[in-house]
Amino acid sequence: MAEATPSGTGSIRVFSPPGDGPLTIRGGVGGITFQLEELAAGARKLDDLAGTLSELEVEVRRIWEDLVPFQDLPRWSGTMALNAVGESERSVQTVRAELQRISSQVRACKQEYEVAEWLAGTARSLGIVSPQDVHESLTNMASTRVVDNKTAETIAASLGLDAADVKRRAEEEPWVWDGLEQAGAFGRRLATHQEETVQVDLDASPAGLLERIRLIDARGAGFIEVIEVVNGGEKAYLVVVPGTQPAGSGAGGKNPFDEAGIAEAMVYSSDDMSVAALEALRAAGAEHGAPVVAVGYSQGGIHAMNLAADPRFLRDYDLRYVLTAGSPVAGINPVPGVQSLHLEHRTDWVPGSDGSPNPDTKDRVTVSLGNAPRAAEGEGGLGPGHTLSTYQDGARLVSASNDPSLVVSTAALGAVLGAGGAATATRFSLTRTRAPAPNLHAADTRRQERGYGGR
């Protein structure tokens, strides 16, 4: 684990994301941000203790002054007592000063790390990369013949395509939303049709959940799946969302997972997909407040992550965990308490297309995979690093890892779904309907529901 302590912070030490074989982990309980948050919390306690010691100093000094008139008494009863109290005052002062020094070092470390992160983001937006990143990217691109994750992230950032910034600007400009409504480009409602309910044997590991994506994708275009599991006597639900299903020149048609669905997910925050997920859960028998896990690949991961930031969805269901693979989700801010695990392959440009790394938080773990990419039959349209097979191989490494962030994250997933086993899967086909007549009042209402504000 490489030391990542900023200069000038003395003996305070924090560490960069640990490497675990082909895995590099960012975030979680082992992440730098959480380390610094814990240190900052400790610094506040040290400040409180130093304040208490300062009060004690004052009291000891008062006692010493009260003893001054007795210094001419016999040494054992006068001078010795005076010296003992004076030495106590100096000892308390030394401890208090040391606590304050440590506290200031912790705060300086945290501040310098935040500055370093800001500088890194600025450099990324200017297209500045380190020689090491250039070497690694060239190596990755030589093996796959496509742009890798870091390069895509740098290019997107330098072009001003940072997903969070683009979304923020869209949210702050009502005419953007109104234009989309009037053009009928987005905001079209999805018709949700229940197709079948079958019994399945669920593997609840990360790799097993990605296999559900493969199966629902094979079921046909436009399908999602809701799986009911019983864990410890409590029902929990898994929402499975597939990746992009190319339509070619017909993008924007009936299938919500075609190429147009990417823009709907990234710019429109999966507004209609969230409604479809709610309808599917209700139709599958999920009661209000039931625990939910969402899993998605590529475009599907964006939709899944958007559920964690949608107040309408969270009012009805207890979304506890999101798993994404090969998805650009840095610009999505889930509500506190939703844990997420993001798998990104180093040779896959897609998760880097949002122009920024995923936030490093206690509840959000990002794994950069370095396992050998591979493509099964029919995979590899966007490069071998973006295949579901590659991500499943990486997910198995995640389950076998002893990294503290991954151990805690996968345990949280298991706490919701258990080990898997017999489960009930209900499959739904989603279809884009015709765009409704422009309704600017409805547009305002939807923005307010999502917390974007009105005109």
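No lab work stands behind these numbers, since they all come straight from the coordinates. Please read these numbers as outputs of a predicted model, since none were measured by experiment. Positions of Cβ are generated from backbone atoms using ideal geometry, with glycine treated the same way; all protein chains shown enter the neighbour counts.
Here are a few things to note about the model shown:
- Gyration tensor verdict on the stretch 30-122 (Cα atoms; rounded if a/c is under 1.5, prolate if a/b is larger than b/c, oblate otherwise): prolate
- Proximal lysines relative to Lys235, as straight alpha-carbon distance under 27 Å, when same-chain residues fewer than 8 apart are discounted: Lys362
- Dividing the mean sequence gap of close Cα pairs (under 8 Å, 6+ apart) by how many residues the stretch 30-122 holds gives a relative contact order of 41 percent.
- For the stretch 379-437, the square roots a ≥ b ≥ c of the C-alpha gyration tensor eigenvalues yield an a/c of 1.5 or more together with a/b not exceeding b/c, which makes the shape oblate.
- Ser143-Ser104 FRET efficiency (beta carbon distance; Förster radius 41 Å; 0.05 resolution): 0.30
- Modelled FRET efficiency - R0 60 Å, Leu215 with Asp48, Cβ distances, 0.05 increments: 0.65
- Theoretical gain in end-to-end length, Arg282 to Val230 [0.36 nm per residue, Cα-Cα removed]: 17.0 nm
- Distance between modelled label sites at Glu37 and Val68, nm, 7 Å Cα→Cβ extension: 5.1 nm
- Residues of the stretch 91-124 with amide N under 17 Å of the 7 Å Cα→Cβ point at Val58: 92-93, 96-97
- Distance from the stretch 39-64 to the stretch 320-398 (C-alpha centre basis), Å: 47 Å
- For the pair Glu377 and Ala120, label points projected 7 Å from Cα toward Cβ lie 4.3 nm apart.
- Local electrostatic count, Leu388, Cβ distance below 9 Å [Lys/Arg +1, Asp/Glu -1]: -2
- Distance between the modelled labels on Ala419 and Gln194, one decimal in nanometres: 3.1 nm (7 Å Cα→Cβ projection).
- Taking a sphere under 11 Å around the Cβ of Ala290 and counting the other residues whose Cβ falls inside, with K and R at +1 and D and E at -1, yields a net charge of -2.
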